[in-house]
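K.L.:
Let me begin by handing over the structure; questions about it come next.
The values are calculated or read from the model by the stated rules, or taken from the named source; none is laboratory data. A quick note: this is a predicted structure, and the numbers were derived from the prediction, not measured. All Cβ positions, even for glycine, are placed from backbone atoms using ideal geometry, and neighbour counts span all protein chains on display.
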Amino acid sequence: MRGLTAATILLAMAASPSPAAALEAGAASVEIVLPAGTPLAGYGGFPRRAWMPDLLGSRPYAFWFRPSTGVHDPIRARALVLTSGATQILWLAVDTIGIDPTLVTDLRQRLAARGSAPTLVLSASHTHSGPGAYSESSLFGFLALDRLAPEVRARLLDGMEAAAREAERRREPARAIMGLAPLPGLGRSRLKQPLDPELGMLKVTAARGRPIAVVWSYAVHGTALGRHNFLLSGDLMAEASSRLERETGAPALFVNGAAADVSPLRHGWGGVGWAGAALAEGALALWRDLGEGSDAPLASQVTRVRLPRPALSARNCLAGWAPGFVRIGLGSALPTSSELLAFRIGDGAWVTVPGELQTRLGLDIKKAGRRHFARVFVAGYTNDYLGYFLTREDYAKPSYIACGSLYGEGGGEILRDAATELLERLAASVSRR
């Protein structure tokens, strides 16, 4: 290197791109054993609702609702830890109806107490036969989850923490790849509109292709089991994940998509088995097609989006038999902002949504995001739950889901635009590296 000064050499080294940090991953699946009599969450009416609240304290965990009568399939917390350089993502998928944001806060505190501070992604499957009584929200407790029972909440947190710790313990060099495959015909639109048929996947393997984890995504409501079911269950999504785990030998994390207007095509235990088998078969075919992947780099971005003041629309909730201007404010029962997270894994990206996003809005996010990334998926029901989010046109049509749209006619489009902008920020931050 004749003629080069030490300063020149140092400048050249600083300008050269540093090699990407090696990807490491670990995963775990933990059964959450809940107290007998834990109520189910998801249906607010009878027969699940008790005729009288338990004012005498005869039911230790159920107050507004009747207790469950047993367990059909275990409620599980599945965890995946991904690390690349200074970036660490902890992804947890749990068999619950939704995510109370205080669960995210409490889990972060538990992890921090042991010296861990990953980017936390906590996704609910949206099963309507999972446990209730874990939320600190009095509003959602009365509507569909039941009053908070500290022991039920503690069991859920214990299970999530145990899954996270075990996933971290199993961390090893890994490769990852994302892909998708069309899988139509499993759902129907509540709005008589086109659905999103994509099954998305993040495949994570170790040396020589040994499976570490599969993260799979599909947009569908966990309502194959109706309100007459009183057995704890992860519904059709858990059935598919169980089949995937038997075939791959690795934890299978289900992440729901933009499923506000998507109901399963078949119902009952037969519908659970039929849809679960179809989803698992499609996912296994995609798993085999994807190959081993690569040393996928990680990156993340976060934003806080401001939302309108939450309120119930009397017109939407009373089938149109009320003036449109009549709205019942919800005060401090719900927040006026929420956090969105976008993260890159290799050439693909995910963006979180704190509730139930309409299919059309989810498709808008995917289309915009794919200007920057090869694959983009929406992680619905993640890190918070704020109800339904619809387009302006569909919010204006009285329905059950319009009644549950608590942030007005603009809420859905506000979330869509914020998610799109966040993906653009993520892409820009990656290009600057």
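K.L.:
I'd like to verify a number: residues in segment 82-98 that are surrounded by fewer than 23 Cβ atoms within 10 Å (Cβ to Cβ) and either among the charged types (D, E, K, R) or not in a strand (DSSP E or B) (or both), how many?
P.N.:
2
K.L.:
Looking only at segment 262-309, which residues are free of Cβ contacts under 8 Å to residues at least 24 places away in the same chain and among the polar types (S, T, N, Q)?
P.N.:
none
K.L.:
Hey, does segment 302-320 have a residue that's within 25 Å of the chain's Cα centre (by Cα) and of a type in the set (S, T, N, Q)?
P.N.:
Filtering segment 302-320 down to residues within 25 Å of the chain's Cα centre (by Cα) leaves 302-312.
Still in the list and also of a type in the set (S, T, N, Q): 303.
There is at least one residue in segment 302-320 that is within 25 Å of the chain's Cα centre (by Cα) and of a type in the set (S, T, N, Q).
K.L.:
To continue, here is another question. Among the residues of segment 336-353, is any touching a residue at least 12 places away in the same chain (Cβ under 8 Å), surrounded by 15 or more Cβ atoms within 10 Å (Cβ to Cβ), more than 23 Å from the chain's Cα centre (by Cα) and not in a loop (DSSP other than H, G, I, E, B)?
P.N.:
No, because not a single residue in segment 336-353 is touching a residue at least 12 places away in the same chain (Cβ under 8 Å), surrounded by 15 or more Cβ atoms within 10 Å (Cβ to Cβ), more than 23 Å from the chain's Cα centre (by Cα) and not in a loop (DSSP other than H, G, I, E, B).
K.L.:
Report yes if residue 157 is aliphatic (A, V, I, L, M), within 30 Å of residue 248 (Cα to Cα) and surrounded by fewer than 22 Cβ atoms within 10 Å (Cβ to Cβ), otherwise no.
P.N.:
It is true that residue 157 is aliphatic (A, V, I, L, M), within 30 Å of residue 248 (Cα to Cα) and surrounded by fewer than 22 Cβ atoms within 10 Å (Cβ to Cβ).
K.L.:
For residue 259, only one of the following conditions fails: (1) assigned to a helix (DSSP H, G or I); (2) of a type outside the set (Lys, Arg); (3) in contact (Cβ under 8 Å) with a residue 12 or more places away in the chain. What is its number?
P.N.:
(1)
K.L.:
Would you call residue 175 in contact (Cβ under 8 Å) with a residue 12 or more places away in the chain, surrounded by fewer than 23 Cβ atoms within 10 Å (Cβ to Cβ), of a type in the set (Lys, Arg) and touching an Asp or Glu at 6+ places or on another chain (Cβ under 8 Å)?
P.N.:
It is true that residue 175 is in contact (Cβ under 8 Å) with a residue 12 or more places away in the chain, surrounded by fewer than 23 Cβ atoms within 10 Å (Cβ to Cβ), of a type in the set (Lys, Arg) and touching an Asp or Glu at 6+ places or on another chain (Cβ under 8 Å).
K.L.:
With touching a Phe, Trp or Tyr at 6+ places or on another chain (Cβ under 6 Å) and either among the aromatic types (Phe, Trp, Tyr) or surrounded by 19 or more Cβ atoms within 10 Å (Cβ to Cβ) (or both) as the only criterion, which of 133, 79 stands out?
P.N.:
Exactly one of 133, 79 is touching a Phe, Trp or Tyr at 6+ places or on another chain (Cβ under 6 Å) and either among the aromatic types (Phe, Trp, Tyr) or surrounded by 19 or more Cβ atoms within 10 Å (Cβ to Cβ) (or both), namely 133.
K.L.:
One residue is enough: does segment 270-284 have a residue meeting the conditions within 18 Å of the chain's Cα centre (by Cα), within 17 Å of residue 180 (Cα to Cα) and not in a helix (DSSP H, G or I)?
P.N.:
No, that holds for no residue.
K.L.:
So the check is Cβ under 7 Å with 6+ separation or different chains; which pairs have a first residue in segment 355-382 that's more than 19 Å from residue 428 (Cβ to Cβ) and among the basic types (Lys, Arg) and a second one that's at pLDDT 95 or above and surrounded by fewer than 24 Cβ atoms within 10 Å (Cβ to Cβ)?
P.N.:
360/193; 360/391
K.L.:
So is residue 108 among the basic types (Lys, Arg), farther than 12 Å from residue 96 by Cα and in a loop (DSSP other than H, G, I, E, B) or not? Can you show your working first?
P.N.:
On the way: among the basic types (Lys, Arg): yes; farther than 12 Å from residue 96 by Cα: yes; in a loop (DSSP other than H, G, I, E, B): no.
Considered against the rule, which asks whether it is among the basic types (Lys, Arg), farther than 12 Å from residue 96 by Cα and in a loop (DSSP other than H, G, I, E, B), residue 108 comes out as no.
K.L.:
Determine whether segment 31-51 contains at least one residue that is modelled with pLDDT under 95, out of contact with any strand residue (DSSP E or B) (no Cβ under 6 Å at 6 or more places or on another chain) and at negative phi.
P.N.:
So far as segment 31-51 goes, no, none of its residues is modelled with pLDDT under 95, out of contact with any strand residue (DSSP E or B) (no Cβ under 6 Å at 6 or more places or on another chain) and at negative phi.
K.L.:
Here's something else I'd like to know. Go through (1) buried (at least 20 other Cβ atoms within 10 Å of the Cβ); (2) in a strand (DSSP E or B) for residue 303 and report which single condition fails.
P.N.:
That leaves (1) as the condition not met.
K.L.:
Filter segment 63-76 for residues that are assigned to a loop (DSSP other than H, G, I, E, B), surrounded by fewer than 24 Cβ atoms within 10 Å (Cβ to Cβ) and either in contact with a Phe, Trp or Tyr (Cβ under 9 Å, 6 or more places away or on another chain) or of a type in the set (A, V, I, L, M) (or both) and give the result.
P.N.:
Answer for segment 63-76, where residues must be assigned to a loop (DSSP other than H, G, I, E, B), surrounded by fewer than 24 Cβ atoms within 10 Å (Cβ to Cβ) and either in contact with a Phe, Trp or Tyr (Cβ under 9 Å, 6 or more places away or on another chain) or of a type in the set (A, V, I, L, M) (or both): 64, 66, 69, 72.
K.L.:
Looking only at segment 198-235, count every residue that is in a helix (DSSP H, G or I) and either more than 30 Å from residue 291 (Cβ to Cβ) or under 14 Å from the mean Cα position of the chain (by Cα) (or both) and tell me the total.
P.N.:
So the count comes out to 1.
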